[in-house]
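Working notes, beginning with the structure itself.
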Amino acid sequence: MAILTALLASALPKLLLDVGLGWAKSRTDASSVRIRAIAGAVSQVFSAEAERRKARSAERVEAMSFRIFWVPWTIATVPWALWFGIGVLDSIALLDGWNLTVHALPPQLLEHSKAISFALFGSGAVTGIGQLIARALKKN
C-alpha cells in the first residue's frame, strides 16, 4: 500500500502538470490561430486602403499636370495670401500708420482658407515630424 501511495504521490503531480500544460498549449494555439486570422484580415484591409490611396494620389498628380488645375488654386490662394500677409504685418505693427483693419474672412471662404493653410503649413509640419520620427528610429 505504501508503494502504491508513493507511486501515486510521484505520478499524480506530473500527470496534473502534463494535463494542465496540454490544456494551456491548446488554448494558446487556438488563440494564436485566431490572432493570425485577425492580423491577416487587418493586413488585407490596410493593403486595400493603401492601394486606394495610391490610385487617388496618381489621379491628383495627373490632374496637377494640367494648367487649368492651377487656375482655381491661384484664384483662391492669392487673395488669401494677401489677407494673411496684411494680417501678419498689421500684428507686428509694421502697418501701424496705414490704418488698416484686417477683418475675419467671410464664412464661405473660411473653409477654403483652412484647406489652404493646411496645404501650406501642414504639409511642412507633417514632413518635419516624419523626419524626426525617422531620425529617432534610425538611432535605435
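The values are calculated or read from the model by the stated rules, or taken from the named source; none is laboratory data. Being a predicted model, the structure only gives us computed values, none of them experimental. Ideal geometry is used to build each Cβ from the backbone, glycine not excepted, and the neighbour counts take in all protein chains shown.
The table for this structure:
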read-out: Which listed residue is at pLDDT below 80, part of a helix (DSSP H, G or I) and either out of contact with any strand residue (DSSP E or B) (no Cβ under 6 Å at 6 or more places or on another chain) or not β-branched (Val, Ile, Thr) (or both), from LEU94, LEU105, LEU110; value: LEU110
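Quick grid of which residues meet (1) part of a helix (DSSP H, G or I); (2) at pLDDT below 80; (3) over 22 Å from ALA119 (Cβ atoms):
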site	(1), (2), (3)
LEU15	yes, yes, yes
TRP23	yes, yes, yes
GLY40	yes, no, yes
ARG53	yes, no, no
SER57	yes, no, no
VAL78	yes, no, no
